[in-house]
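The values are calculated or read from the model by the stated rules, or taken from the named source; none is laboratory data. Since the structure is predicted, the reported quantities are computational estimates derived from the model, not experimental observations. Neighbour counts are summed over all protein chains in view; Cβ atoms, including those assigned to glycine, are modelled from backbone coordinates with ideal geometry. All accessible areas refer to the heavy atoms of the entire protein, side chains included, with ligands and DNA or RNA removed. Shrake-Rupley method; radii C 1.70, N 1.55, O 1.52, S 1.80 Å.
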Amino acid sequence: MDPQEHIHIISAGDSINKTYPAVLKDLRTVTHTFIFAEKEVYTNSSRDDAQKRGWKITIRDAIDEVNSISLSQNIACALVYIDAATFDAIRDPVLGIFSEHPDARYSFDISAGSKRLSLGLFSMSLWLEGDSYYAFGNSPSRRVPVPTLPTRNLPANPHYLVILTILFRGHAHGKGASILMPKETLFNETKVWKIPIRDADDGTTGLDLSPAAFSQLITTLIKWNLIREETDPDNNLEKLYSITSDGELALFVYSARMKKRSVTSTPGLL
């Protein structure tokens, strides 16, 4: 199995041919596309009025165009017919794909299709640890912000909150600009906070944050998608950091929870 496999699953609708190219441009690594379409789309009925017949044709044409786009970019594309009346009807074919590609990366476009189909695919994206994307009207596709950890776990190590707060303030002061902070600067500002640190080897507690401990904190926050790391274009050896939208949301949720509980947070934090 190719470790670079990337499975992209789409809920079929009349606009997927418009959102698909934008998603491919953002994701860049898609190798397989599966379009989930309800059987009704490909079922002609004498009870359909002209509007419904036109709606079905538009969706079919959009599906055909997605297939053509995929072929032009050497992306395998398949159509999956489902009866979306039940969650099992959505779950089972997704699990079938997963059983064939258990180590692949997964992403979902839930912009189109019926509500039950999009909600079913979104639920499966959580189970497969995939990213979900949506677009309304002519707006660009956006990733649905799903936390990779419960925000109640943030206070487990106050340094997480300190790092996020430092980067958030830098972002806020930039009036919407993306503020990138060098690793050394971020480390120096973080270690100013004298937070007790327990040594895992002998159980002693100190107040000095070591570079190694700081690097571990950074690695964890990146894994949780709360901060991002970039290479300084002027110095390939220098790493730059900024807070992600998920990181901002984590801070907002944490702050709201503390206010609701009337908990006094560490001075200087949100």
Check: Which of the residues spanning the stretch 54-92 are at positive phi and of a type in the set (F, W, Y)?
Finding: none
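Check the stretch 52-62 and report whether any residue there is open to solvent by 70 Å² or more (accessible area, probe 1.4 Å) and under 15 Å from I9 (Cα atoms). Before you say what the answer is, go through the steps one by one.
Here is the first cut: in the stretch 52-62, the ones open to solvent by 70 Å² or more (accessible area, probe 1.4 Å) are 52-53, 55, 57, 61.
Subset that is under 15 Å from I9 (Cα atoms): none.
No - not one qualifying residue is present in the stretch 52-62.
Would you check if L95 is touching a strand residue (DSSP E or B) at 6+ places or on another chain (Cβ under 8 Å), in a helix (DSSP H, G or I) and open to solvent by 70 Å² or more (accessible area, probe 1.4 Å)? Before you say what the answer is, go through the steps one by one.
Values: touching a strand residue (DSSP E or B) at 6+ places or on another chain (Cβ under 8 Å): no; in a helix (DSSP H, G or I): yes; open to solvent by 70 Å² or more (accessible area, probe 1.4 Å): yes.
Answer is no for this residue.
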Margin query: What are the pairs with Cβ atoms under 6 angstrom where one residue, in the stretch 1-17, is within 16 Å of Y42 (Cα to Cα) and part of a strand (DSSP E or B) and the other, located anywhere, is small (G, A, S) and modelled with pLDDT under 95? Sequence gap at least six, or different chains.
Written below: S11/A112; S11/G113; S11/S118
Item checked: Unmet criterion (only one of (1) among the small types (G, A, S); (2) touching a strand residue (DSSP E or B) at 6+ places or on another chain (Cβ under 8 Å); (3) assigned to a helix (DSSP H, G or I)) for G113 -> (3)
Note to self: When the residues of the stretch 69-80 are narrowed to those that are within 18 Å of R28 (Cα to Cα) and not in a loop (DSSP other than H, G, I, E, B), which ends up least open to solvent (accessible area, probe 1.4 Å)?
What the structure shows: S70
Next item on the list: Can you tell me which residue among T58, T29, T33 is in a loop (DSSP other than H, G, I, E, B) and in contact (Cβ under 8 Å) with a residue 24 or more places away in the chain?
Entry: T29
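So that you can scan it fast, the table gives a plain yes or no per residue for (1) open to solvent by less than 30 Å² (accessible area, probe 1.4 Å); (2) free of Cβ contacts under 8 Å to residues at least 24 places away in the same chain; (3) farther than 18 Å from T43 by Cβ; (4) within 19 Å of the chain's Cα centre (by Cα):
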| site | (1), (2), (3), (4) |
| --- | --- |
| I82 | yes, no, no, no |
| F87 | no, no, yes, no |
| S99 | no, yes, yes, no |
| R105 | no, no, yes, yes |
| D109 | yes, no, yes, yes |
| K115 | no, yes, yes, no |
| L119 | no, yes, yes, yes |
| L126 | no, yes, yes, yes |
Checklist line | the stretch 149-161, subset open to solvent by less than 50 Å² (accessible area, probe 1.4 Å), at pLDDT 65 or above and under 23 Å from the mean Cα position of the chain (by Cα), residue farthest from I218 (Cα to Cα) | finding: L149
Check: Hey, E40 hits all of (1) touching a helix residue (DSSP H, G or I) at 6+ places or on another chain (Cβ under 8 Å); (2) within 21 Å of D131 (Cα to Cα) but one; which does it fall short on?
Finding: (2)
Check: Just checking, how many residues over the stretch 18-37 are touching an Asp or Glu at 6+ places or on another chain (Cβ under 8 Å) and open to solvent by 30 Å² or more (accessible area, probe 1.4 Å)?
Finding: 2
